[in-house]
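Presented below is the structure to which this report refers.
The values are calculated or read from the model by the stated rules, or taken from the named source; none is laboratory data. On a predicted model such as this, the values are computed, not experimentally measured, just so you know. Note: ideal-geometry Cβ built from the backbone for every residue, glycine included; neighbour counts use all protein chains shown. Side chains are part of the model used for accessible areas, which takes the heavy atoms of the whole protein and leaves out ligands, DNA and RNA. Shrake-Rupley method; radii C 1.70, N 1.55, O 1.52, S 1.80 Å.
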Amino acid sequence: MRPRLLKFTATAALIGGLVFAVTPVVAQDAEGFAAGVAAYESGKYDEAITTWEPLAEKGDVNAINMLAQIYRLGLGVQQDDSKAFELYDQAAKLGSPEAQVNVAFQLLTGKGVDRNPETAASWFAKAADQGNALAQYNLGLMYEKGIGVDQDQEFAADLYRIAAGKGQKRAVARLEALEAGIGENLEREQSKAARAAAEAAEKADAAAEAKAKAEAEEKAAQLAEAEKKKAANNPVLSIKKIDSDNSSPLEFEKLNGEDNGEATPSYTSSAEESGVNGDRPIINVTRTPARKPGQKVADAPKGNEPLVINIPEKVKITYAPPPPAPEVVRKKVASKASPKTSASSRRAPGDPIARMKMAERAYRDGRFDEATALLMPLANAGMPAAQFWMGRLYNRGEGVVLNRSEAYSLWRSAAAGGSERAATALANLAARLSAEEISIAEQRHAASGRAR
C-alpha cells in the first residue's frame with residue numbers, strides 16, 4: 001500500500017481532517033520508562049524529562065516519542081515544534097508508526113519544518129503499511145483531495161475501507177461520502193467548472209471593453225485631428241478679465257450693503273461692440289457701477305471695467321448684429337423664455353436678496369422650475385448673480401429647454417456686471433463653441449436687449 005508519488009499539486013487549503021498521532025502512555029517493562037510515565041501522569045514534567053532523556057539517548061523509541069510530545073505540547077518546557085519534529089523524526093526512522101504519522105503531519109502542515117506534502121505522503125504510507133489506521137485515513141484523505149499525490153478517489157476509498165474496518169470513525173464518514181457520490185471532489189469539480197465559466201465570461205467582457213475603449217480612443221483621436229484642422233481655419237477666442245479694484249458682487253450670498261444700508265450694485269449691465277484694434281476685432285463688455293436704491297439706470301454713472309474677448313491676429317471675424325427686433329417680436333421671445341410663475345414665486349418677497357435665497361434653496365433641492373421662476377425676473381432686471389444661475393440652467397437644460405446661446409448671452413451680461421464665475425463660465429463655453437455658434441450667440445445677445 002505505497003503512495004504513488006507524482007508531481008505535487010499545490011492547494012491553498014490544508015486537510016482539516018488530518019489527525020496527529022498521540023503517543024499512548026502505557027505501562028512499560030523498563031523500570032526507568034515507567035518512572036517517567038508516573039511523573040508525566042502526575043504533572044511532574046521536569047522529572048519525566050529528566051527520567052526519559054537518558055533512555056532516549058540509548059535509542060528507546062517510546063522515550064523519544066514521549067519527549068517529542070512534551071515539546072510539541074509545551075508541557076513543563078517552552079513549546080517548540082522544531083525540537084518536537086527532530087525527536088519524532090528520530091523515532092520514525094527507528095520504525096515507530098506513531099512517530100511516522102506525526103512526522104508526516106508536521107511535514108504536511110509546515111509546523112517546525114518546511115512544508116513538504118510529497119514526503120508527508122511517504123511517511124503516512126510507511127505507517128499505513130504497519131497497519132496504523134490513522135495513517136491509512138490520513139493517506140486516503142490526501143489521495144481523495146490530490147495533495148502530495150495525484151488525485152485518486154478509488155484508491156482513497158480503499159484506504160478508508162481498511163481504516164474503517166479497524167474502527168476509524170472518520171474513515172467511515174469519508175467512505176460513505178465517496179460511495180454516495182457527494183464527496184468534496186464533486187463539489188470541487190463543479191466549483192472549478194463554474195470558475196472557468198466565470199473567468200471565460202470575464203475575459204470576454206474585458207476583451208469587448210478593451211475593443212470599445214480602443215475604438216473610442218481612435219474616434220477621439222480622429223475628432224481631435226478634425227478639430228485641429230478646423231481650428232487652423234476658424235477663429236479662436238481668448239477671453240481675459242481686466243483687473244479692477246472693485247469687489248465682485250456676491251452670488252447666492254450677501255450683496256454689498258445688505259446689512260448697512262449702503263448703495264447696492266446695479267443689476268442692469270451695458271455692453272457695446274466696438275470696432276477694430278489693428279486687425280483684431282474686440283468685444284468690450286463694460287461693468288455698470290453701483291447705484292443708490294431708487295436711482296434710475298439712465299442716471300447711474302457709466303462703468304469703465306471692460307471684459308475683453310480678443311480674437312488672435314491670424315484670424316479675422318466680423319460680428320454682424322441683426323437689426324433691432326420689432327417690439328411685438330421681442331415680447332414674444334420674452335414670453336417663450338419665461339416659464340409660468342410658480343406658487344412659490346408668487347409668494348416670494350419683492351426683496352431681490354430674499355428671492356435669490358429662495359431660488360438657491362429651490363435649485364439645491366432640484367426644484368429647477370421653481371428656481372427658474374424666481375431667477376428669471378431678477379436676471380431680466382440685470383442682476384449678475386441671477387443671470388449667472390439662469391445661464392447655468394440654460395447650459396444644462398435644467399428646468400428650461402437646453403439653449404447654450406441663451407446661456408452665453410446671460411453669462412456675457414453677468415460678466416459685464418462683475419460676476420467672476422460668469423466670466424469663467426463664459427470662457428469655458430466659448431472654448432467649446434465654433435465661430436459660427438459664437439456669432440449666433442452674439443446676435444442673440446444683441447437682440448436680447450441685455451447688451452444695450
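Numerical summary
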| item | result |
| --- | --- |
| Single residue of A407, A422, A431 found to be farther than 20 Å from T372 by Cα, out of contact with any Asp or Glu (no Cβ under 8 Å at 6 or more places or on another chain) and either open to solvent by less than 30 Å² (accessible area, probe 1.4 Å) or assigned to a helix (DSSP H, G or I) (or both) | A431 |
| Check on S413, part of a helix (DSSP H, G or I), open to solvent by 10 Å² or more (accessible area, probe 1.4 Å) and not charged (D, E, K, R) | no |
| Segment 113-131 - residue that is touching a residue at least 40 places away in the same chain (Cβ under 8 Å), surrounded by fewer than 22 Cβ atoms within 10 Å (Cβ to Cβ) and not hydroxyl-bearing (S, T, Y) and, of those, farthest from S82 (Cα to Cα) | D129 |
| Criterion (touching a helix residue (DSSP H, G or I) at 6+ places or on another chain (Cβ under 7 Å), more than 30 Å from Y71 (Cα to Cα), open to solvent by less than 70 Å² (accessible area, probe 1.4 Å) and free of Cβ contacts under 8 Å to residues at least 12 places away in the same chain) met by exactly one of A177, A164, A173 | A164 |
| Only listed residue being small (G, A, S), farther than 20 Å from N102 by Cα, open to solvent by 10 Å² or more (accessible area, probe 1.4 Å) and assigned to a helix (DSSP H, G or I), chosen from A34, A39 | A34 |
| Residue match in segment 380-389 (condition: part of a helix (DSSP H, G or I), surrounded by fewer than 24 Cβ atoms within 10 Å (Cβ to Cβ) and over 38 Å from the mean Cα position of the chain (by Cα)) | yes |
| Residue tally, condition free of Cβ contacts under 8 Å to residues at least 40 places away in the same chain and either within 10 Å of L87 (Cβ to Cβ) or polar (S, T, N, Q) (or both), over segment 53-71 | 7 |
| Some residue of segment 142-149 being at pLDDT 90 or above and open to solvent by 30 Å² or more (accessible area, probe 1.4 Å) | yes |
| Single unsatisfied condition, V236 versus (1) under 40 Å from the mean Cα position of the chain (by Cα); (2) open to solvent by 60 Å² or more (accessible area, probe 1.4 Å); (3) at pLDDT 90 or above | (3) |
| Selection count where residues are buried (at least 24 other Cβ atoms within 10 Å of the Cβ) and either touching a His at 6+ places or on another chain (Cβ under 7 Å) or of a type in the set (D, E, K, R) (or both), scope segment 87-112 | 1 |
